[in-house]
Amino acid sequence: MSGQIPLIKLDDQRWEIPVSYKKGMRVPGLVFADEKSLPKIRTDQSLEQVANVAFLPGIVKHSLAMPDIHWGYGFPIGGVAATDPEQGGVISPGGVGYDINCGVRLLRTNLTEADVRPRLRELVGALFSKIPCGVGQSGEINLGKKEIRQMVREGSGWAVRHGYGSAEDLSCTEAGGCLDGADPDAVSERAYQRGMDQLGTLGSGNHFLEVQVVDQILDAALASKFGLETGQVTVMIHSGSRGFGYQICEDSLDATRHALTKYKITVPDIQLACAPVHSPEGKQYLAAMRCAANFAWANRQCLMVLTKQVFEHFFQRSPTDLGMDLIYDVAHNIAKFEQFTINGKTKVLCVHRKGATRAFAPGNSELPEQYQDTGQPVIIPGDMGRNSYLLVGTQQAMEETFGTCCHGAGRAMSRTAALKAAHGSSIRKELEARGIIVMARGEKGIAEEQPAAYKDVNQVVDVVSRAGLAKKVVRMRPIGVIKG
Amino acid sequence: MPYETFEHTADIGLRIRAKDLNRLFQDAAEGFFNLVTDLDAIQKSRPSPLHEIEMNFQEENVEELFMRWLQELLFVFSTRKSVFLEYRFISLTPMLLKLKAKAARFDPKQHVSRHEIKAVTFHQFHVVQDLAGWLAEVIFDI
């Protein structure tokens, strides 16, 4: 429980955990939340984890927490920390998480709800049978050893080169769908074995594919630039680097655990194991982590193409006619080197985003030409019964949170509590009564992922918006969901 | 129940109490496979043929050994879709495990899917021995 942790109110959206709270904290914690959500946040250990992250050598300004914060491993989910490699800054696998480059992509379509609604159940059924999802499901893309090594070096570019999508998709993907410096030799044989049959698979747990409808335009000018209007159908895909990334995290935690003594680093939680960015252990993790990030981008690229194929076949319409274009793809579990101005000096920092989304402001050189004026599209999924959002990044985020905002609703209820609260079949029926068709491999999965298990994404996004970390563009609601 | 699940906001914990190390390791494995699928149903269906899996590893202490055990179970399930049905510990000490297991192949089309376990975490992980025997707690990332 985080009940006793002192929180100093800075304003209605900002709370500080003072550096004096715990001996060893190098910077204060800064938590973005409103008064209403604090009692819930205090029920788990996430605020303690914000304080623990402040122990990391080389951490800059604050250990940050977004309003969807909840209890994670080492880092809280919703945690952000930037370290300065030139000041002994570290890289921590726990600051990225097991599902390296778990992320979301959003596609627009030319379809309206009226086009989809009469045959919605068949459409969701077609997606469910085509998109591999759930425990132990293999994908249809078979990779040899040489191919998987090439794929993790190139990311989405590999997928495009092999007929999965087009070059335009790459400019609409964070980092172009590929992190430089990925070294296939830094990856263990076990990781290759776990990832070998998983390209083009959705996974399980909170991963999903949703057919959605734009239900509110929140900034008409920006929505128009993204080609979105009320009633329009969108598709959202949430997945990551699958077993490949999980294994890399496991391997790296083992290596960095042993590096703590070597580099005389003290952290209050072994899941915060880390190594200096410039150390051999740090470099090894970064080289492997980038391979996993690239796997995840290639995975979401392939999932998107499988989705488009289902739509084309189902509606018997051409790709151009359907207008299924990628709006953007964002990572929400990643560490990257990015440039920021700190106390008037330009620095390249190692930014860990663990359950947090990059939200770069208009004009940033990392954004493609079409988003230079709008700012980076930020995709925030909610739960399967409420809403999801498209936002854009702001200058405020650049100055305060290393260009970062929240990543989703955040869990409010444990899986066991969610199971006790409802059976999968009744949740499925309730959602159907509200016009949402859900298909999943296991009924328990539906109960565990029920809307009541999550915080209300609308409140989370309101905090982010009021704090100025991102600007709302449109709100979507789900009408069809497939889950593992 | 030789094991029980406990709550973590996004994931699931497993608590195992056992009178000796063999039971601790086997119960943990059964708990693990029951999180992934319906192990009892697979056992009752008496699938054949079973395949044999051998494990042989050493670690510095019982916690490291137990962690390695769970990591190996996750690995064989992820890569070979193996679900253990019979266990024969040839040697099991706090630092050494030698095992021959008989395993069935998990078939997602035929068997119940519960959770895809991403990883075995170190978060609040511990294995302790007291007068009653052994107690282990571990949280799995789902």
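The numbers here are math on the coordinates, done by the rules we state, and not lab data. Please read these numbers as outputs of a predicted model, since none were measured by experiment. Neighbour counts are summed over all protein chains in view; Cβ atoms, including those assigned to glycine, are modelled from backbone coordinates with ideal geometry.
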Within chain B, excluding any trypsin sites (Lys or Arg not before Pro) found in a DSSP loop (not H, G, I, E or B) and having at most 12 other Cβ atoms within 10 Å, the longest uninterrupted segment runs B:20-108
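So if each residue of separation counts as 0.36 nm, and I subtract the Cα-Cα distance between A:GLN150 and A:ASN110, what length gain in nm does that give? Walk me through the numbers before you get to the answer.
Details: separation 40, 0.36 × 40 = 14.40 nm, distance 3.47 nm.
Residue separation times 0.36 nm, minus the Cα-Cα distance, leaves 10.9 nm.
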One finds the C-alpha centres of region A:399-443 and region A:261-284 to be spaced, in Å, by 35
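Region A:398-484: which trypsin sites (Lys or Arg not before Pro) are DSSP loop and have at most 14 other beta-carbon atoms within 10 angstrom? Can you show the working numbers first?
Details: sites: A:ARG411, A:ARG415, A:LYS420, A:ARG428, A:LYS429, A:ARG434, A:ARG441, A:LYS444, A:LYS455, A:ARG466, A:LYS471, A:LYS472, A:ARG475, A:LYS483; in loops: A:ARG434, A:ARG441, A:LYS455.
Within region A:398-484, the qualifying trypsin sites (Lys or Arg not before Pro) (loop, at most 14 other Cβ atoms within 10 Å) are A:ARG434.
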For A:LYS262, list the lysines whose Cα falls under 19 Å from its own Cα; do not include residues on the same chain fewer than 8 positions away. A:LYS283
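Work out the P(r) tail for region B:12-92: percent of alpha carbon pairs separated by more than 22 Å, whole number. Mind dumping the intermediate values first?
Numbers: 720 of 3240 pairs.
Value for region B:12-92: 22 percent of Cα pairs lie more than 22 Å apart.
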Sort all Cα-Cα distances of the protein assembly as shown into consecutive 20 angstrom bins from zero, then give the percent of pairs in each bin up to the one containing the longest distance. 21, 57, 22, 1
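Note down the magnitude of the dipole of chain A about its Cα centre, charges +1 on Lys and Arg C-beta and -1 on Asp and Glu C-beta and zero elsewhere, to the nearest 20 debye. Provide the component values of the computation, followed by the final result.
On the way: 54 positive and 52 negative charges, 180 e Å.
That gives a dipole near 860 debye.
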Ordered by packing density, taken as the mean number of other Cβ atoms within 10 Å over each peptide's residues, highest first, how do A:232-244, A:143-155 rank? A:232-244, A:143-155
Any chance you could give the angle, 0 to 90 degrees and rounded to 10, that helix A:424-433 forms with the longest Cα principal axis of chain A? 60
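Sort A:329-342, A:201-214 for me by packing, meaning the mean count of neighbouring Cβ atoms within 10 Å per residue, highest on top.
Per-residue Cβ counts within 10 Å, averaged per peptide and sorted highest first, yield A:201-214, A:329-342.
For A:44-55, what's the mean count of beta carbons from other chains sitting within 10 Å of each residue's beta carbon?
Details: counts 4, 4, 1, 0, 0, 1, 0, 0, 0, 0, 0, 0.
Going residue by residue through A:44-55 and averaging, the value is 1.
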Degrees separating the helix A:145-154 axis from the principal Cα axis of chain A, which is the longest one: 70
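Across chain B, how many lysine pairs, 8 or more apart or on two chains, come within less than 15 Å at their alpha-carbon atoms? Numbers along the way, then the final one.
Values: B:LYS44/B:LYS102; B:LYS81/B:LYS102; B:LYS81/B:LYS109; B:LYS81/B:LYS118.
Lysine pair count for chain B: 4.
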Cross-link reach list, lysines versus A:LYS264, counting only Cα pairs under 17 Å and skipping chain neighbours closer than eight places: A:LYS23
